[in-house]
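*Asks:* Have a look at this one before I ask anything.
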Amino acid sequence: MSDATTRPNPTDLARDLAARLPGPEHVRALFATVPRHRFLPDVLWDENRVRYDRSLDPDAWTRTAYTDQALVTQRDDGREDGTGLSTSSSSAPTVMARMLTAARIEPRDRVLEIGTGTGYNAALLSTLVGDDRVTSIEIDPRIAARARRSLIEAEFAPTVLTGDGENFATGLPGPAYDQAIATCTVSRVPAVWIRQVREHGRIVTPWAPTPGAPGGVLAVLDVADGRAEGRFEGGLAFMWARGQRRAGHRSPVGAEADTVTRVDGDPREPWLDGEQPLLLSLLMPGWAHGMGQEDDAEEPYVWIVSTTCPSWARLHADGRIEQAGERNLVDQAAQAREWWHDQGEPGYTDFGLTVDLARERQTLWLHEPHQTLWSTRRDAPHG
């Protein structure tokens, strides 16, 4: 522990953090003005799962509060007997700055935030447009109550509602907001977000094709004529919206394969690369993946399951590929990668999404909305 002469100064730490963030000056200045540590609980975990307890080491806790990383603020939905699953966090400031920049918020705009969390982002928004022009909704009553207390103690007063951000009514007539910013990942953009954002307003949300997937993209969607449409602005990972974080599929542990083939090299590689699974999920919908371990194997296998039929595959380090069902997922993935290569290997920002309320469809496209890759019912589980 440090002595009093070297203790971290939150004001200096906030200023240093703000200077390192991306985005325009008026966005970076928010992070120098709003003290992040005042919105964090006494116990938190960093991205390496290291635990920090303010009562045991306040200096380490304070320094960690001003690092540019996501900090886990709740595990297992607050249960004491859980497995340590991260269920709420304070997002990395770099990501928050990206989202605030993408939203293009003007001084007199009205902003809806889905996922209050600690209240830190709501305080940033209040600083940007004023307390009376920010509404934030949080599904967890305990998290919402703590955020309200933190906001009041830090002298902010946005409206904080307790409720399901995927299905709610604020009591305001018609489209009430200029922007909606979600601090949780969704695979199905809720209709209420589009209905609550005014014509030519904007929705900024983490999005992923596969429910419960570990990665995603930042979707920046403009609202017009009952649709939300726009490109992705790079990859990012957020906590899932609670109503969508369960993928609803099962790993094929112990299942008997219809076919077993063997290839040279390690067939797991595309799914062990951090970027490739997300790219494949954009190119090839309707699947999920994970890892398992055979009793006599030194390395884990990768499993892939279809979310649209009972098909599955297991890929082993020794080159074995086990598959079952009508859908050959391994071949489909290889064909998708080949097609991607033929298209010039487009990046995430070349893809976009259209959510059409009247047609009840979500459509993924490449380069332009008319270049459709695939569509799915907006309210249906998909990959």
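The values are calculated or read from the model by the stated rules, or taken from the named source; none is laboratory data. Please read all numbers here as calculations on a predicted model, not as lab measurements. Glycine gets a Cβ as well: all are built from the backbone with ideal geometry, and neighbour counts include every protein chain shown.
*Asks:* On the given criteria, is GLU138 crowded, with 19+ Cβ neighbours inside 10 Å and in the same structural domain as GLU47 (by TED's automatic domain parsing)?
*Replies:* When the stated conditions are applied, GLU138 passes them.
*Asks:* Considering each residue of segment 291-337, count those that are in a strand (DSSP E or B) and farther than 16 Å from ALA257 by Cα, and give that number.
*Replies:* Residues flagged as in a strand (DSSP E or B) and farther than 16 Å from ALA257 by Cα within segment 291-337 amount to 1.
*Asks:* Still on this structure: Among the residues of segment 347-368, which ones are surrounded by fewer than 14 Cβ atoms within 10 Å (Cβ to Cβ) and within 15 Å of TRP193 (Cα to Cα)?
*Replies:* ALA358, GLU360
*Asks:* Exactly one condition in (1) modelled with pLDDT under 95; (2) exposed (fewer than 14 other Cβ atoms within 10 Å of the Cβ) is not met by PRO41; state its number.
*Replies:* Just one mismatch for PRO41, condition (2).
*Asks:* Can I ask one more? Please verify whether ASP222 is under 25 Å from ALA182 (Cα atoms) and charged (D, E, K, R), treating the condition exactly as stated.
*Replies:* yes
This table checks each residue for (1) without any contact (Cβ under 8 Å) to a residue 12 or more places away in the chain; (2) within 22 Å of GLU113 (Cβ to Cβ); (3) not charged (D, E, K, R).
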{"residue": "TRP193", "(1), (2), (3)": "no, yes, yes"}
{"residue": "GLU229", "(1), (2), (3)": "no, yes, no"}
{"residue": "GLY243", "(1), (2), (3)": "no, yes, yes"}
{"residue": "LEU279", "(1), (2), (3)": "no, no, yes"}
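*Asks:* Go through ARG98, ARG133, ARG110, ARG149 for me and flag whichever is in the same structural domain as ARG75 (by TED's automatic domain parsing) and surrounded by fewer than 19 Cβ atoms within 10 Å (Cβ to Cβ).
*Replies:* Matching residue, one of ARG98, ARG133, ARG110, ARG149: ARG149.
*Asks:* Also, quick follow-up: If I ask for residues that are charged (D, E, K, R) and under 17 Å from GLN362 (Cα atoms), which ones from segment 177-217 would you list?
*Replies:* Taking segment 177-217 as the starting set, the residues that turn out to be charged (D, E, K, R) are 178, 188, 195, 198-199, 202.
The answer is ARG188, ARG195, ARG202.
*Asks:* Then there is this: If GLY265 meets every condition in (1) at positive phi; (2) free of Cβ contacts under 8 Å to residues at least 12 places away in the same chain apart from one, which number is that one?
*Replies:* (2)
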